[in-house]
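Working notes for the structure below.
The values are calculated or read from the model by the stated rules, or taken from the named source; none is laboratory data. These numbers were taken from a predicted model, which means no experiment stands behind them. Cβ coordinates were reconstructed from backbone atoms using ideal geometry, including for glycine residues, and neighbour counts include every protein chain displayed. The protein model used for the area step is the full one, side chains on, heavy atoms only, and it has no ligands, DNA or RNA in it. Shrake-Rupley method; radii C 1.70, N 1.55, O 1.52, S 1.80 Å.
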Amino acid sequence: MKTENIKFKAKRLDNGEWVKGSLVNTPFGTFILWYEGATCHKKEVNPETVCQRTGMRDCCGVDIYEHDMLEYDLGPFSKTRDVMWLNGTYQLNLEPLYSYISHGIQVKVVGNLIDKCY
């Protein structure tokens, strides 16, 4: 994965809203940077809320991030689980997330685990 394709999201310290972009850690704080046109924006974020993009999208085309809650159907049951980094890959229900997507299982982002904690 190219570094320019790596993206993060985290909760802003000033208002608690999610912001997405490049992650910058400094001795003075943790920040997310993003561009709108030629303007660079920077907001300080809570480092405990930082989530990295998995590089995959849900059935609606929404980027999937670490700690996102995904809903999926397996037979007669619908389940909701969070995405975690484990054993060198993003996992859903202790199985690689990409295996769900590559086998055509519809997954949909329905929230983020961090929203329940912060």
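On the given criteria, is Lys79 within 15 Å of Lys7 (Cβ to Cβ), open to solvent by 50 Å² or more (accessible area, probe 1.4 Å), charged (D, E, K, R) and more than 13 Å from the chain's Cα centre (by Cα)? Against the criterion (within 15 Å of Lys7 (Cβ to Cβ), open to solvent by 50 Å² or more (accessible area, probe 1.4 Å), charged (D, E, K, R) and more than 13 Å from the chain's Cα centre (by Cα)), Lys79 does not qualify. Does Glu95 qualify as being out of contact with any helix residue (DSSP H, G or I) (no Cβ under 7 Å at 6 or more places or on another chain) and closer than 22 Å to Asp115 by Cα? No, not satisfied. When Ile6, Ile64 are screened for being of a type outside the set (Ser, Thr, Tyr) and touching a helix residue (DSSP H, G or I) at 6+ places or on another chain (Cβ under 9 Å), only Ile64 passes. Taking the criterion of being within 21 Å of Thr26 (Cα to Cα), in contact (Cβ under 8 Å) with a residue 24 or more places away in the chain and open to solvent by 70 Å² or more (accessible area, probe 1.4 Å), the residues of region 38-76 that qualify are Glu44, Pro47, Glu48.
Pairing residues of region 86-113 that are in contact (Cβ under 8 Å) with a residue 24 or more places away in the chain and part of a helix (DSSP H, G or I) with residues that are aromatic (Phe, Trp, Tyr) and crowded, with 18+ Cβ neighbours inside 10 Å, at Cβ distances under 7 Å and at least 6 apart in sequence or on separate chains, gives Leu97/Tyr90; Tyr100/Tyr72.
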